[in-house]
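Scroll down for the structure; my scribbles are underneath it.
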Amino acid sequence: MTFFSLAFKNLKRHKIRTMLTIIGIAIASSTLLSILSFDAGYKKALEEELVGTGIHLFVSTEGCPLEAASLIIRGGEIPRFLPMKNLEEVKKVEGVKEAGGFLIFSVPSPDGSKVDLFYGITQDVLKLKPNWKIKGSWFKDENSIILGSEIAKLEKRDVGDKIYIQSIDKEFVISGILERTYGQDDGFYFLPIETAQKYFKKEGKLTAIGVQVWDIMEMEKIKSRLEILPDVYVVPAEQMTREILKLVGGTKALMYSILFIVLMVSILGLLNTILMATFERQKEFGFLRCVGAGRGDLIKLILLETASLCLLGGVIGFSFGFIFSTGIDQWIRQFLPYVPAGSLLRPSPNIVMVSLGIVLILGILAGLYPAWRASKASPMEAIRNE
Amino acid sequence: MNKTIELNNVVKRYRRGTEEVHAIDGINLSIEEGEFLSIVGPSGSGKTTLLNLIGCVDKPTSGSVKLDTIEVRSLKDRELTKIRAKIIGFVFQQFFLLPTLTALENVELPTLFTRKITNNSRARELLTLVGLENRENHLPSQLSGGEMQRVAIARALINEPKILLADEPTGNLDSQNAQIIMDIFRRLNQNSLTIIVVTHNIELAQSAKRTIYLKDGKILNQ
């Protein structure tokens, strides 16, 4: 017999009470794992999305840098525009490797059920998107369109097919379909820049310019050089990540508050269970003291009972966390001001270990007082017969 | 014969509210190795307090209690725990079997605290000794009162104690089971185990080699 097997068997005395406590710990563990996975996953998904754009710097008109940069990635309109000539000027700036122009418009469908996102792009954009693989070809003429993979799937269209886009009341011929990028690009309609400018009546205009530099260590210098251009605002991709993370900070704070409450409720439940069990077993502890158990042995026994509950609750909670991570991912998305396309919840062995550590430490802290009470049991308790 | 237990002028007082209770009032008692002693007396006479003192679960207010020549009054909690684990075996009226452990596991339980590595064989031998060789995998809820007390006796013997202290061991048993327990005690005593029994059971008291009568914390006969 070992202390662990004794502790484990003791938990079987009140099966329902033990089960309810384990469920409480499982809920807390699952929440903990999900939130820690989100914390790590969101940042990673955001960085991946920005890397996926292949853009180091975003050049737009003066305004909210976050708005400009996020619109380039996610799609949307900025009411101010850059002249097309800025693209050529940007390309000439020392240190700039590639630069591509975008004209972005979002148009709701007539029934208002969805919003179509249109990207007018210059051919330079291809150089900024090393991960793009186009099935078919680049635009053949002004009536050509390239579809994001999700759009193609949704519309059930293939290369060479015609597509009528209701929101702008126009028919295009599909020259190419983007292979899945697992990013926002999968949901866009791509048009030749001239077509987009003509259709949206913004001839010679761009929403923004994406810039790739030769040496990212020179980013600050290049940014300063670009800022000499009139009426432009330059946002490094890294700053955008920071800004978005700041924006999500409020949601995160709320999540951590919920986590704190869930953990507290669960730990108080655990404390209550163990304390009740300790009070009920004072005579038994007295008996154990009679047959040679030291105070330390009783502390060890109670802490092991607590740790066993935490371990069981943790394992069940983490398993549920893994199983339902996709569902939780979808649910969290509703509450975020900016959601990258990749998976937001990325539980890893490290996160599981950290979560288990937190659950065990909190559990053991909750078990300290009951353990101390148990250790105070007098052997006389057992001999007293009343 | 060696004296296993020696009490000299032992006094135990404690407070109950504003009243001071003289539970043990100047007791002198010597118990020799291999003796079978019964302690009888009315309720409140100090029987249990005397057992507490002999069993190292309490310390006297004054006087000396020696177990195997060790003066227990000056010992610390940890040292008293060691003595309880190694020298004394306890049998209680309420059995105190852990409900989720089998009979065999209950017998083995004290070895957990003495860190003795056992291979079950001694626990099995002891269950055979008390006639429960066929009940080793039964939970306490599957045993009768008499069987539970026999498991408790086997458990008290697992660490090979020198002294067996029994507090009303037949108090919860019918006469048939009480007889079985008495027989076991007699057999154990024949094998030189020192047994001290606090009891109201006259037959059990009479089966001891010596009986002391306590009243108001004093021994009325020696």
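No value in this document is a laboratory result; all are computed from the given coordinates. Everything numeric in this text was worked out from a predicted model, so none of it was measured. When we count neighbours, we look across all protein chains shown, and the Cβ atoms used for this are built from the backbone with ideal geometry, even at glycine.
Normalised by 2.2 N^0.38 Å, where N counts its residues, the alpha-carbon radius of gyration of the range B:130-217 equals 1.12.
Using the Cβ-Cβ distance between A:SER348 and A:LYS198 with R0 set to 56 Å, the FRET efficiency works out to roughly 0.70. Given +1 at the Cβ of Lys and Arg, -1 at the Cβ of Asp and Glu and no other charges, the dipole of chain A around its Cα centre is 1840 debye to the nearest 20. At the listed q of 0.20, 0.30 Å⁻¹, the Debye profile of the range A:311-358, built from one uniform point per Cα, gives log10 I(q)/I(0) equal to -0.73, -1.11.
Between B:GLY41 and B:LEU214, the built amide H atoms are under 5 Å apart, and every one of these is 5 or more places off in sequence or on another chain. Per-residue 3J(HN,Hα) values for the range B:85-101, derived from phi via the Karplus relation 6.51 cos²θ - 1.76 cosθ + 1.60 with θ = phi - 60°, read 6, 9, 9, 10, x, 10, 10, 10, 4, 8, 6, 6, 7, 6, x, 9, 9 Hz in sequence order (x marks Gly and Pro). Hey, what number do you get for chain B at 222 nm if only DSSP H runs of n ≥ 4 count, each worth -39500 (n - 2.57), divided across all residues, to the nearest 500? The helix-only estimate for chain B comes to -10000 deg cm²/dmol at 222 nm. The chymotrypsin sites (Phe, Trp or Tyr not before Pro) of the range A:102-155 meeting both criteria, a DSSP state outside H, G, I, E and B (loop) and at most 15 other C-beta atoms within 10 angstrom of the site's C-beta, are A:TRP138.
Summary value for the range A:76-154: 21 percent relative contact order, contacts being C-alpha pairs under 8 angstrom separated by 6+ residues. Over every pair of different alpha-carbon atoms in the range A:235-317, take the mean of 1/r and invert it; report that Kirkwood radius in Å. It is 16.5 Å. Per-residue Karplus couplings for the range B:146-154, computed as 6.51 cos²θ - 1.76 cosθ + 1.60 with θ equal to phi - 60°, are listed in order as x, 5, 4, 5, 5, 4, 5, 5, 4 Hz, Gly and Pro entered as x. Close amide H contacts of B:PHE36 (hydrogens built in the peptide plane, cut-off under 5 Å, sequence separation of 5 or more or a different chain): B:ILE195, B:LYS209, B:ARG210. Shape class of the range B:1-85 from the Cα gyration tensor (axes a ≥ b ≥ c, square roots of the eigenvalues): oblate, since a/c reaches 1.5 or more and a/b does not exceed b/c. Each of B:VAL21, B:ILE163, B:ASN177 was placed along the dipole of chain B (beta-carbon charges, centred on the mean Cα), and the one lying farthest toward the positive end is B:VAL21. Pairwise Cα distances in the range A:97-185 exceed 16 Å for 56 percent of all pairs.
Taking every alpha-carbon pair under 8 Å whose residues sit at least 6 apart, chain B reaches a relative contact order of 30 percent.
Residue separation of A:SER224 and A:TYR256 scaled by 0.36 nm, minus their Cα-Cα distance, works out to 7.7 nm of gained length.
Taking 7 Å steps out from each Cα toward its Cβ at A:LYS91 and B:ARG78 produces label points 8.3 nm apart. Take every DSSP beta bridge with both residues inside the protein assembly as shown and express the antiparallel ones as a percent of the total, to the nearest 5. Counting DSSP beta bridges with both partners in the protein assembly as shown, the antiparallel share is about 70 percent. Ordering A:LEU154, A:LEU46 from the fewest to the most neighbouring beta carbons within 10 Å gives A:LEU154, A:LEU46. Looking at chain A as a GNM with Cα springs under 10 Å, which of A:GLY317, A:GLY327, A:GLY160 has the largest mean-square fluctuation? With Cα springs under 10 Å in chain A, the top fluctuation among A:GLY317, A:GLY327, A:GLY160 is at A:GLY327.
Could you run the Debye sum over the Cα atoms of the range A:247-386, one equal point scatterer each and no solvent, and tell me log10 of I(q)/I(0) at q = 0.17 Å⁻¹, two decimals? Debye curve over Cα of the range A:247-386, log10 I(q)/I(0) at q = 0.17 Å⁻¹: -0.94. Label sites at A:GLN239 and B:ASP174, each approximated as a point 7 angstrom past Cα along Cα to Cβ, lie 9.2 nm apart.
Cut-off 19 Å, label point 7 angstrom out along Cα-to-Cβ of A:ILE134: give me the residues of the range A:99-120 whose amide nitrogen falls inside. Only A:99-105, A:117-120 pass the distance filter. For the range A:324-384, the list of chymotrypsin sites (Phe, Trp or Tyr not before Pro) that fall in a loop by DSSP and count at most 12 other C-beta atoms within 10 angstrom reads A:PHE335. Modelled spin labels at B:ILE202 and B:LYS218, positioned 7 Å past Cα toward Cβ, are 2.5 nm from each other. Using only Cα positions of the range B:63-121, each an equal point scatterer, no hydration layer, compute I(q)/I(0) via Debye at q = 0.22 Å⁻¹ and quote the log10 values to two decimals. Each listed q maps to, in turn, -0.98. Name the shape class, rounded, prolate or oblate, that the alpha-carbon gyration tensor gives for the range A:124-270, where a ≥ b ≥ c are the square roots of its eigenvalues, rounded holds for a/c under 1.5, and otherwise prolate holds if a/b is larger than b/c and oblate otherwise. The shape class here is oblate. Largest first and in whole Å, the equivalent-ellipsoid semi-axes of chain B read 29, 19, 16, each the square root of five times a Cα gyration tensor eigenvalue. So if I place +1 on the C-beta of Lys and Arg and -1 on the C-beta of Asp and Glu, and nothing else carries charge, what would the dipole magnitude of chain B be about its Cα centre? I want it in debye, nearest 20. Taking the Cα centre of chain B as origin, the dipole is about 540 debye. In chain A, inverting the average of 1/r over every pair of distinct C-alpha atoms gives 24.9 Å as the Kirkwood radius. For the range B:140-218, the list of trypsin sites (Lys or Arg not before Pro) that fall in a loop by DSSP and count at most 16 other C-beta atoms within 10 angstrom reads B:LYS209. Dipole size of the range A:136-238 about its Cα centre, with +1 on Lys/Arg Cβ and -1 on Asp/Glu Cβ: approximately 240 debye, rounded to the nearest 20. Scalar couplings 3J(HN,Hα) for the range A:151-168, obtained by applying the Karplus form with A = 6.51, B = -1.76, C = 1.60 to θ = phi - 60°, are 5, 4, 5, 5, 8, 6, 10, 10, 4, x, 6, 9, 9, 9, 9, 5, 4, 10 Hz; x denotes Gly and Pro.
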